[in-house]
Amino acid sequence: MHHGPLIAIIVMGLGLAFVFGALAQKFRVSPLVGYLLAGVAVGPFTPGFVADQNLANDLAEIGVILLMFGVGLHFSLKDLLSVRAIAVPGALVQIAAATLLGLGLALLLGWGIVAGLVFGLALSVASTVVLLRALQERRIVQTEKGKIAVGWLIVEDLAMVLALVMIPAVADVLDGGSGAASGGGPLATRFDLGLWGVLGLTLAKVAAFVAFMLIVGRRLIPWLLHWVAHTGSRELFRLAVLAIALGVAYLAASLFGVSFALGAFFAGMILSESPLSHRAAEESLPLRDAFAVLFFVSVGMLFDPSILLRAPLPLIATIAIILFGKSLAAWLIVRAFGKPDSVALTISASLAQIGEFSFILAGLGVSLKLLPEQGRDLILAGAILSIVLNPLLFKLVDRFAPAEPAPAKPRPAEPRPAEAAPVPQPEVPAAAPEPEPAPERDIAPTELSDHVVVVGYGRVGSLLGAGLAAMGESLLVIEDQDDGIAAARRDGAEVLAGNAADPEVLAAAGLERAKRLFVAIPGSFEAGQVCEQARRRNPGLPIVARAHSAAEVEHLRQCGASRTIMGEAEIARAMLALCGRKGEEPAPSAA
Ligand code: AMP
């Protein structure tokens, strides 16, 4: 049967990524390295099958869209505004610092100023995918540092949108305004607007897009999703989520000249105000993960290993700028805003890499003859190596970041605002450095004993917790979402904020002294890990776990749960119980 290059790249890309990713996992390096190697293997610089690079890039772009959509879903406008005081100056200063460093290196290599500026700009932007993956893996997107990092990313993104339209305009001017150089970038400078004209037009388009989303999108999108939800078709709901994410991103790019990523982020952010946002997030998860993998494969494909031999010293300098130059700049800025070292180090580490925007800038620079080919090769190699090294940087941060000062005792009166849904950070005012906010990831070991531990404070955990609190039990909750944390604190529980499957978090729960453990999270993979670790820590502990199927019951039992409660079975039991009672239900009518 005939098949095209699209099928080939999806099959080979995902297949090899799986093989190399599993190997990487086995050797205890980040699976990202495996995905990148899979890309190198299907790339043009290694023998054997060569995948279509353009298709790979398109697939990667879908990954970026879904990722940014997902982030937007967890972000409210308030969140975004709450970090602007630090994210805007932070990103701008960091871009300036990295650009200057890149310019310095370029001048050393004898390239000239314009080439140096393009090169430096390419080194200054972090990759959305790499940053978000790192934050998600550590479950810190919703923490203060996570929000600052995402805000920072958005500002960088906007700056790059401007850079992408400005560069052809600059090339035009350098060319003597012949117009020959334009044609790249989302906004070709067809009407000879001059530099300022192009800048103004771009800003106006971005503003128009934001206004359009806030006025039209904000009404239309939630309405549409609600309507679809009421049709009761799961398939249609999924389709609607995808159509909205991809559609808005496409609209943003083609009509407003905004990047795909930014468009998707806005689509998500608008949906985050709708109560359906959680479901929307879940629906887009599996696709998002698959396409994020293809992103790394497509990056790997660009890597030409010969650069390691052709220009080793410039490559080392490039990587030093990405890893250390940018980090140092970010660290200084965050510290200057009075944030603790742990926040500053995490933000530095998350930005110490480059990715998709850098490739686009490099490609544009070369096609307009502003950047020598070697510049592009250095940028590509620098990107790959910095992505490979990024997890190591995070390990260093984990090791050296001073433990965050933990509050001495849990306060039942929680410091967060009490309303539900996306919880804003209490740090809106822009001016002077604010007093240190409460650390989000409070994993100081508990001092409780004979306590009951509840993992997950959502629909199940919160009912359970409230009941236990009413019975006078001392309660420790492990939860990783802001709303759950706030609810648990309202109920008077001590809270460990973080992923319960993380050994470090679980170790802080004092399970050796606990009376009972309730695992009330829906994901059986993580629940199993929690049970297993808890069983190891305390062989005699009664562990009750939540399950949704017979297979999950089996799995959780094997992992050490002493009892499992299957949600669906309990629902049936409660329904059945209604039948026996008189007067509660209308008599079943004859069909
Ligand atoms: P629900 O399904 O409504 O009972 O919600 C489950 C709750 O568990 C949500 O609030 C999640 O944030 C939380 N949760 C899920 N997985 C974990 C985990 N691994 N660690 C901590 N909390 C979790």
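Looking at 211, 243, 229, 204, which one is assigned by TED's automatic domain parsing to the domain that holds residue 270 and under 14 Å from residue 269 (Cα atoms)? Checking each option against the conditions leaves just 211.
Assess whether residue 327 counts as being farther than 19 Å from residue 153 by Cβ and touching a helix residue (DSSP H, G or I) at 6+ places or on another chain (Cβ under 9 Å).
Working: farther than 19 Å from residue 153 by Cβ: no; touching a helix residue (DSSP H, G or I) at 6+ places or on another chain (Cβ under 9 Å): yes.
No: the conditions fail for residue 327.
A single entry from 361, 368 fulfils the requirement of being within 19 Å of residue 103 (Cα to Cα), out of contact with any Ser or Thr (no Cβ under 9 Å at 6 or more places or on another chain) and crowded, with 22+ Cβ neighbours inside 10 Å: 361.
A count restricted to the stretch 447-458 and to residues that are within 14 Å of the ligand (Cβ to nearest atom) and either part of a loop (DSSP other than H, G, I, E, B) or within 27 Å of the chain's Cα centre (by Cα) (or both) stands at 5.
Among the residues of the stretch 347-356, those that are open to solvent by less than 20 Å² (accessible area, probe 1.4 Å) and under 27 Å from residue 37 (Cβ atoms) comprise 348, 349, 350, 351, 352, 353, 354, 355. Here the helices (runs of 4 or more DSSP H) wholly within the stretch 1-101 that include at least 1 residues being without any contact (Cβ under 8 Å) to a residue 24 or more places away in the chain and out of contact with any helix residue (DSSP H, G or I) (no Cβ under 7 Å at 6 or more places or on another chain) are 5-26, 53-73.
Which of the following residues is within 15 Å of the ligand (Cβ to nearest atom) and assigned by TED's automatic domain parsing to the domain that holds residue 476: 550, 501?
That would be 501, the only listed residue that is within 15 Å of the ligand (Cβ to nearest atom) and assigned by TED's automatic domain parsing to the domain that holds residue 476.
Within the stretch 116-155, can you find the residues that are over 15 Å from the mean Cα position of the chain (by Cα) and part of a helix (DSSP H, G or I)?
Of all residues in the stretch 116-155, those over 15 Å from the mean Cα position of the chain (by Cα) come to 116-125, 155.
116, 117, 118, 119, 120, 121, 122, 123, 124, 155, listed by residue number.
Conditions tested, residue by residue: (1) among the aliphatic types (A, V, I, L, M); (2) buried (at least 19 other Cβ atoms within 10 Å of the Cβ); (3) at pLDDT below 50; (4) more than 16 Å from the ligand (Cβ to nearest atom).
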site	(1), (2), (3), (4)
389	yes, no, no, yes
392	yes, no, no, yes
418	yes, no, yes, yes
423	yes, yes, yes, no
441	no, yes, yes, no
445	no, no, no, yes
460	yes, no, no, no
472	no, no, no, yes
476	yes, yes, no, no
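Tell me yes or no: at least one residue of the stretch 535-555 is in a helix (DSSP H, G or I), open to solvent by less than 10 Å² (accessible area, probe 1.4 Å) and of a type in the set (A, V, I, L, M). So far as the stretch 535-555 goes, no, none of its residues is in a helix (DSSP H, G or I), open to solvent by less than 10 Å² (accessible area, probe 1.4 Å) and of a type in the set (A, V, I, L, M). If you go through the stretch 519-532 and pick out every residue that is away from the ligand (no atom under 11 Å from the Cβ) and either acidic (Asp, Glu) or open to solvent by 10 Å² or more (accessible area, probe 1.4 Å) (or both), you end up with 1.
Would you mind stating whether residue 161 is of a type in the set (Val, Ile, Thr), in the same structural domain as residue 202 (by TED's automatic domain parsing), within 13 Å of residue 259 (Cα to Cα) and open to solvent by 10 Å² or more (accessible area, probe 1.4 Å)? So residue 161 does not fit the description; no.
Filtering 115, 149 for residues that are buried (at least 24 other Cβ atoms within 10 Å of the Cβ) and not aromatic (Phe, Trp, Tyr) leaves a single hit, 149.
The values are calculated or read from the model by the stated rules, or taken from the named source; none is laboratory data. All of these numbers come straight from a predicted model, not from anything done at the bench. Heads up, the Cβs are rebuilt from the backbone with ideal geometry, glycines too, and the neighbour counts pull from every protein chain shown. These accessible areas exclude ligands, DNA and RNA; they are computed on the full protein's heavy atoms, side chains included. Shrake-Rupley method; radii C 1.70, N 1.55, O 1.52, S 1.80 Å.
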